[in-house]
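Values quoted throughout were computed directly from the atomic coordinates according to the rules given, and no laboratory measurement underlies them. Quick caveat, the model's predicted, so the values are computed rather than measured. Ideal geometry is used to build each Cβ from the backbone, glycine not excepted, and the neighbour counts take in all protein chains shown.
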Amino acid sequence: MDTNRVFDTDVQYSKYKVLIEVIRRAYEGGLENAYMEIPALLSPGPKAETRCCIYKERAIIQDRVLMAMGGHKDNPNVIEVIDSACDECPIDGIYVTPACRGCMVHSCQGVCPKDAISIVNHRATVDKSKCVECGKCTQACPYSAIIMQHRPCMVSCKVKAISIGEDKKARIDNSKCISCGACVYKCPFGAITDKSLILDIIDILKKSRNNTRYKVYAVLAPSFFSQCRVTRITQVVTAIRSLGFYKVVEAAMGADITLYREAKEWEEKKLLTTSCCPSFVMFVEKFFPELAPHISSSVSPMVETARLIKKADPAAKIVFIGPCTSKKMEYRLEKTGGLIDSVMSFEELQAFCDAFDIDATKLEDTPLDDASYYGRIFSKSGGITQGIADVARDLGVDGIKPVSMNGIDECRANLLKLKLGKATENFFEGMACDGGCLNGPVCITHNPRFVHDVEKYANEATQKTIHHSVSQLESE
C-alpha cells in the first residue's frame, strides 16, 4: 500500500514520516539524538526535495521533530507556528498581477474610495498605506488583473486569531484562538501544526507493563469509520490492541449519554447550546460570553465514555483517538476531571501502526458495538440535532426546536440572532469544523461523501436507541 496516498496532502505525509521516526526511537532508543539524526535521515540530500536548499529543509524537519515531541512547553496552545517553514506565502492584501494591461479606462482607480491606486508606467500601483482592502478594484478591473491575496491560514481562521508579524511570519493570538485546527489543514506548507502527545501515550503504554499494572483503554471517535478506506473498522480495533491497548471503546456510547443529559437539561432550562465540540464551546466563551450560561453543563461524549470506563475500572488509563486538535486542549480542562490521560489524532494512529509495521488489512476482526445509531451519527454536522429531536420525543420532552450550525460562520450568524433575541430555535448544535467531526483537521483524509459512510455505520449498530448506554449510567 502506498502510504503517501493514504493522506490528502504531502504536508500530512511529512508529519507522518517524522512521527514514525520519533515513535520508533521512543521504543528502540535514540530519541536523545532525534533532532540531529531524523532531519538527515528524511532529507539525505544532496538536493533538497521541497525547499530551496538542504539546510532549510533539514531545519524545518528539525522543528517538526520538536512538534512531534510535544512542542514548546511554554505555549499552552496545542496549535503552533513553525517559523522556519513560514516564509513562502506572498504578502496579503490587494495585488496587481502581470495581467494588468495599462488600459485607458482606469476603472480600478476610479472606484477606489481612498485614492490608493495610481497609474505608473501604464500599470496600476497600489499604495498599501492608503489601501483599506475593500476589494472594489478587484471587481472593477476588466481583465481581473487585480486580486485580493490573503494567506490561506488567515482565510481559514474564522475568528481572526492569525495575523502576520513584522518578520512576515504567521502569529497566533491565543486569546482569540479556539484550537479548531482549520489553519493546520489549510496551510500549504505545513507551517502551522498541532503538537503531538504521542510520547506521553507511549509512556502510558510502557508503564502499564502490558496492561498488568493498569489497563489502557482507547476511546475511538465515531468519525473514524469514515477513515477506513481499505480496512474494516473491526480490523482497526485489532490494530489498536496490537499497539498495547487493553480494549477499544466507542466514544459514541458517551454520545448516547450526552443526548440523554442534554434533553433533560433542556427540559429544565428551555434554552441550550451543545457542549460536545470544545472549539465551539471556546468560541461561545470568547466571542459571545453573555451566552455562555446557556452552554450545556454536560461533558463531551469523550468524557462521558471515560466516566463509564472509570466506573468499571478506576485504575484505568484512557487515551482518546479522534479527528480533533481541540480535544488536545479539552482533556486538560478542569471540567473533564482528569478522566482522559491523553489524546491521539487519526494521523498519529496511522503513524503509530506503521512504525510497528502493523497492516490492519491483514488482521482478524475484533467486534465493536458499544453504542446506538444516534451516538454514531454525532460525528456529522446535524447529527446531534437529528438525535435530540428523536430522543426528546422518546423521553416525553416537548418543545425542542433544534438548529444545526455547520462551521464557525454559521455558529456566529445563529448565535448573533440568539443574542439579539431574534432566534426562533431553542437548541443550538455547534460544530466548529465545516461538515462536523468528519472533516476534522487531523483526519487522515477528507471527503464530503463520508457522511454517507457514517450513516451506514450508524445503521449497523445493534442498539437503535440510547437506552442501553443510559442503563449503564443509571446503574451508578
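Some notes on this structure:
- Compactness of the stretch 330-476 is given as radius of gyration and Dmax, 18.2, 56 Å, from Cα positions.
- For the stretch 149-294, alpha-carbon Rg relative to the globular expectation (2.2 N^0.38 Å, N residues): 1.36
- Look at where the Cα atoms of the stretch 389-411 and of the stretch 258-292 average out, and the two centres are 11 Å apart.
- Backbone phi angles across the stretch 433-444, fed through the Karplus curve with coefficients 6.51, -1.76 and 1.60 (θ = phi - 60°), yield HN-Hα couplings of 8, 4, x, x, 5, 4, 10, x, x, 10, 5, 5 Hz in residue order; Gly and Pro are listed as x.
- Averaging over all projection directions, the Cα-based convex hull of the chain occupies 25.9 nm² in the image plane.
- Geometric extent, Cα atoms of the stretch 198-474 - Rg, Dmax (angstrom): 18.1, 57
- Among the GluC sites (Glu not before Pro) within the stretch 329-389, those in coil by DSSP and having at most 15 neighbouring Cβ atoms inside 10 Å are E364.
- Trypsin sites (Lys or Arg not before Pro) restricted to the stretch 1-109 and DSSP loop, no more than 11 other C-beta within 10 Å: K47, K73
- Ellipsoid equivalent to the stretch 93-149 - semi-axes via the Cα gyration tensor, in Å: 15, 12, 11
- In degrees, nearest ten, helix 251-269 long axis to first principal axis of the chain (Cα): 80
- Under the Karplus curve 6.51 cos²θ - 1.76 cosθ + 1.60, θ = phi - 60°, whole-Hz ³J(HN,Hα) for the stretch 120-126, x wherever Gly or Pro sits: 10, 6, 6, 9, 5, 10, 9
- The alpha-carbon of K419 sits under 24 angstrom from the alpha-carbons of these lysines, leaving out residues fewer than 8 places away in its chain: K158, K160, K176, K264, K269, K270, K286, K401.
- Reported value for the stretch 139-202: 137 Å³ per residue, from the convex hull of its C-alpha atoms.
- All lysines inside 17 Å of K130 as judged from Cα atoms, apart from same-chain residues fewer than 8 positions distant: K114
- If you model the stretch 1-69 as an ellipsoid using its alpha carbon gyration tensor, with each semi-axis the square root of five times an eigenvalue, the axes come out at 18, 17, 10 Å, biggest first.
- Only beta bridges with both residues in the chain are counted; by DSSP, about 40 percent of them are antiparallel.
- Residues K128 and S242, FRET efficiency given R0 of 51 Å [Cβ-Cβ distance, rounded to 0.05]: 0.35
- For the stretch 18-92, the set of GluC sites (Glu not before Pro) satisfying both a DSSP loop assignment and a count of at most 16 other C-beta atoms within 10 Å is given as E49, E88.
- The chain - mean residue ellipticity at 222 nm from DSSP helices (-39,500 (n - 2.57) per run, n ≥ 4, rounded to 500): -11500 deg cm²/dmol
- Percentage relative contact order, the chain, counting C-alpha pairs under 8 Å, at least six apart: 17
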